[in-house]
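The values are calculated or read from the model by the stated rules, or taken from the named source; none is laboratory data. Since the model is a prediction, treat every value here as computed from it, not as a measurement. Here the Cβ positions follow ideal geometry from the backbone for every residue, glycine too, while neighbour counts run over all protein chains shown.
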């Protein structure tokens, strides 16, 4: 079931954002591995993923467009091992986080079964742009691609 978020005519060009929200809703239903997202400061976020039993060689972090993807795959080493009970499975996973435009991955480290990924979110600069108003000769004059800003034909 898809809920359209940006149906108001006041939201122009937010199709990409709506697709990101739908993608995030699909990935949030996965429960393994558990994770936390913390705000460390006004511009820094930290994702902490519980990856007990995984080594650094078992983990991979990639940034694919606007997604941060964390993958884990354990190599099964069963030489000479006989399990009487096996409750700890060598389980692979993929956890994806949709990240906003401009957010950068600062670094990642593994400590005591927790994978930490630090992200930096730069503070947005206020952008004020004055749009020149010119006298038009007709309803389509502003959209005519052959007219320059001073109204002359190219």
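Taking residue 136 as the residue in question, decide whether it is modelled with pLDDT of 80 or more and in contact with a strand residue (DSSP E or B) (Cβ under 9 Å, 6 or more places away or on another chain). Spelling it out, it is not the case that residue 136 is modelled with pLDDT of 80 or more and in contact with a strand residue (DSSP E or B) (Cβ under 9 Å, 6 or more places away or on another chain).
Residue check: is residue 121 touching a strand residue (DSSP E or B) at 6+ places or on another chain (Cβ under 8 Å), on the phi < 0 side of the Ramachandran plot and at pLDDT below 90? Against the criterion (touching a strand residue (DSSP E or B) at 6+ places or on another chain (Cβ under 8 Å), on the phi < 0 side of the Ramachandran plot and at pLDDT below 90), residue 121 qualifies. Just wondering, is there one or more residues in the stretch 76-93 that are at pLDDT 90 or above, exposed (fewer than 12 other Cβ atoms within 10 Å of the Cβ) and in a strand (DSSP E or B)? Looking through the stretch 76-93, none of the residues is at pLDDT 90 or above, exposed (fewer than 12 other Cβ atoms within 10 Å of the Cβ) and in a strand (DSSP E or B). For the stretch 108-126, the candidate set comprises residues that are touching a residue at least 60 places away in the same chain (Cβ under 8 Å) and assigned to a strand (DSSP E or B); within that set, the residue that is farthest from the chain's Cα centre (by Cα) is 114.
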